[in-house]
Amino acid sequence: MDKVLVVLAAILLAVMGRRNHAGLKALQGWGYAHRGLHGNGVPENSMQAFRLAVENGYGAELDVHLLADGNLAVIHDSKLMRTTGMEGRVEDLTADQLKDYRLEGTEETIPTFREVLEAFVGTDLVLVCHIDVYSDALMQQFGALIEEFGCQDQIIAFLEFGRDKTYNYRNCPAGIGFAAGNCAGRKVDDSATA
């Protein structure tokens with residue numbers, strides 16, 4: 001119980017301490033669809049949910065995972081059972097295999113990050129990408145896709161370093177807004193220093 005109170009107090013202090021932070025202010029004034037605009041038969045993190053978010057003027061929050069073939073998938077859980085009813089981890093699949101995993105018993109499948117970007121690029125809507133950083137390959141592919149689509153201004157990345165605490169935040173793609181540890185909301189550029 002004491003550990004829970006300490007964690008809650010730390011979160012409260014962190015949020016209150018950043019209340020006037022420019023990065024937090026940039027997120028205000030936007031509507032976000034958590035895992036896409038899902039419900040009523042539309043599964044979370046499906047292309048249908050992301051298209052509905054765009055059609056209704058919402059940005060989206062999503063989770064990005066590195067696939068076995070180096071592509072990126074958009075799904076909340078690493079384990080597939082809750083959303084697909086099938087055993088396994090998304091990181092063990094390839095982009096082609098994603099189409100074999102139906103979301104919540106519908107015809108919708110796990111989308112790639114490329115597919116989601118295609119739905120949002122050309123709009124003024126923001127994607128808030130949660131990434132559990134565990135490899136350079138994940139961030140390199142994330143950055144390469146953002147650069148390819150030229151959508152740096154539409155991306156806010158929330159990075160967690162639980163699996164590899166030695167990962168250097170400077171490996172974030174240049175020009176995107178991100179939050180990581182004490183770097184919350186900073187814009188990354190080639191001159192960023194630790």
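A few comments on the model shown:
- Only protein heavy atoms count here; under a 1.4 Å probe, Cys151 has an accessible surface of about 0 Å².
- Cα-only radius of gyration and Dmax that characterise the stretch 30-132, units Å: 12.6, 37
- Placing Ser46, Ser135 in order of accessible area, with the largest value first and a 1.4 Å probe, yields Ser135, Ser46.
- Subtracting the Cα-Cα distance of Met81 and Glu147 from their residue separation scaled by 0.36 nm leaves 20.5 nm.
- Rounded percent of accessible protein surface that carbon and sulfur make up, the stretch 40-171, 1.4 Å probe: 45
- If you sort Lys79, Lys99 by accessible surface, 1.4 Å probe, largest first, the order is Lys79, Lys99.
The values are calculated or read from the model by the stated rules, or taken from the named source; none is laboratory data. The structure displayed is predicted, hence computed values, not measured ones. Side chains included, ligands, DNA and RNA excluded: accessible areas come from the protein's heavy atoms. Shrake-Rupley method; radii C 1.70, N 1.55, O 1.52, S 1.80 Å.
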